[in-house]
Structure formats: C-alpha cells, structure tokens
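Since the structure comes first, as structure tokens, the remarks are kept for the end.
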Amino acid sequence: MSLEQNIAAVQARIRQAALACGRDPREITLEAATKVQTSDTIRAAIAAGITVCGENRVQELTAHLADNAYAGAAVHFIGHLQTNKVRQVVGRVDLIESVDSARLLEAIHAQAQKLGVVQDILLEVNIAGEANKSGFSPQELPQAARQAAGLPHVRLRGLMCIPPVAAKAGDNLEFFAKTRQLFVDISREMGDNGHNKLECLSMGMSGDLEDAIAMGATQVRVGTALFGPRPPMGTR
Ligand SMILES: *Cc1c(COP(=O)(O)O)cnc(C)c1O
C-alpha cells in the first residue's frame, strides 16, 4: 500500500472509532510518528494530509528541521528528553509531549524563559507503572501539574501516555481509562485560568488507537500503520 493509502486507512479507522462511541471524528488529531523516516517521506506525508509530526529523537528532529522537512505541519517532541538537550528542542517544536520529570520541567522552563517564549507541554504519565518507561506515576502527577502551572514560560496542555504494546484489542482499555480520569481530575483542579488549557489527551498508537479513542484520546500517535514496520532498535 502507498503512503497515501495508509494515511486514508488510518483516518478511516479514526473516523470509525469515533463514530462507534458517539464522538465527532474531528475531535481527534492524527499525529505521524516519524522516527527513522527520511525528510522526503515526511514531506510526502504532509503533502498527503498529515498535519502533525511527532519526533522522538533530538538528532532526527534537528536534521529534519535543518531540511525544513516539517513545512506545512506542526512538530511535536514525543521521546525521552535529556535535560542537557533541552536547548535543541525548546522553542523549536510546537509541543513537547514527553515531560517526564520535575527536573526536565524546570530545565524546559529555564530555556523558554531565556528565549522569551512560552513552551506548550504535556506531562507524560507512566500509567502501567513499567520500570523501563519514563513518566510521572499517577500519584506524582497532580504535584507535577501544580509545578507546571506555577511556571509562566510553560503552558500545560494535557497528558500523554505510552502503555505496554497491546497483544489484542481491549488490552489497554484500562490504562487509557485511567489516563482519561487523571486528565479530568487535573483539568478540574486547575480550571481554565486562561494560561494552562488542558485540551490534549495524547494516547493510542497503531495497534490500539480504537481503544484510546473510545476512552477519550484527542490525539493518536501512529508510526507503523502509516510508514510500515521499522528496523529493530539497535540496527538503525
Ligand atoms: C514510535 C512511537 C509511536 C508510534 O508507534 P507505532 O506502534 O509504530 O504506531 C507512538 N508514540 C511514541 C512515543 C513513539 O515513539
């Protein structure tokens, strides 16, 4: 299948999933997870209708920015970000989805302040409590949201989660539901103070986007279903 056909197929899945639970498909943004893709593939995806690209490695982000590969689309950072690399990301992306520690939050704020910008962010929640994954625990999350709310050069827009790879449909419903509840709780506590506006719930990937949409995702991050399988880690 061509990239255009893959995009159409994923958009059809999103539409179906939204309609199946009584949601307006336009509430859900398809974000292309572009790791390991070339600048030309990214340009082709944008030409074929992709409006948001998600990068998870600083090195690839920097190379594609230098190539102007994202022209016409928004770019988000979705990977683990080391504090010593915030300079390469803050002010260069529309949204950092993977804010996973108090220390990183402070480093992003300091860099945004230095640049005189306000950086939009999501907090990442380690919703399945996996030892090998980063993110705030559900218990730590409210405190992290309060910390973010007190930093004028970041704007908290919502939450992101990466649950375990789903073996079959339904496997991650529980994790998506929990993340949605955290999103509701934090939105309620923070209210709409005119600065931090929680409207993005980023969850669901190639294998489980239907379940994420059923549980309230406003953005799904899709790689494999758009671009095909990636080479295994370590062989890149
Ligand atoms: C690669 C990646 C995705 C997309 O995963 P697929 O299963 O290929 O759709 C989503 N989110 C993040 C953070 C990723 O790194």
Simple spin-label estimate for Ala48/Ala110, 7 Å along Cα→Cβ, in nm, reads 4.2
Once you put a point 7 Å from the Cα of Met1 and another 7 Å from the Cα of Arg188, both along the Cβ direction, what distance in nm separates them? 3.9
For segment 129-221 the trypsin sites (Lys or Arg not before Pro) that pass both the DSSP coil test and the at-most-12 other-Cβ-within-10 Å test are Lys168
In nm, what is the difference between 0.36 nm times the number of residues separating Ala8 and Asp24 and their Cα-Cα distance? 4.0 nm
To the nearest 20 Debye, how big is the dipole of segment 1-151 about its Cα centre, given +1 on the beta carbon of each Lys and Arg and -1 on that of each Asp and Glu? 120
Quick check: pseudo-label points 7 Å beyond the Cα along Cα→Cβ at Gln82 and Glu199, how many nm apart are they? 3.5
Collect residues whose amide H, placed 1.01 Å from N in the peptide plane, falls under 5 Å from the amide H of Ala74; neighbours closer than 5 in sequence don't count. Val52, Cys53
Theoretical FRET efficiency, 1/(1+(r/R0)^6), r = Cβ-Cβ of Thr224 and Asp94, R0 25 Å, to 0.05: 0.60
Vicinal HN-Hα couplings computed from phi for segment 128-145 (Karplus, 6.51 cos²θ - 1.76 cosθ + 1.60; Hz; Gly/Pro x): 9, x, 7, 5, 8, 10, 8, x, 6, 6, x, 6, 7, 4, x, 5, 5, 5
What is the Cα centroid distance between segment 177-212 and segment 31-47, reported in whole angstrom? 26
What residues qualify as long-range amide H neighbours of Ile162, i.e. H under 5 Å apart, gap of 5 or more or another chain, H built at 1.01 Å from N? Val125, Ile127
In order over segment 176-181: 3J(HN,Hα) from phi, Karplus 6.51/-1.76/1.60, θ = phi - 60°, whole Hz, x for each Gly or Pro, gives 5, 5, 5, 5, 4, 5
R0 = 41 Å: FRET efficiency of Asp67 with Asn132, Cβ-based, nearest 0.05? 0.80
On a straight-distance basis, which lysines could pair with Lys35 in a cross-link, Cα separation under 21 angstrom, same-chain partners fewer than 8 positions away excluded? Lys85, Lys133
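A short reminder: the numbers here are calculations on the coordinates, not readings from a lab. Remember, predicted model here, so these are calculated numbers, not experimental data. Glycine also receives a Cβ, built like all others from the backbone with ideal geometry; neighbour counts cover every protein chain displayed.
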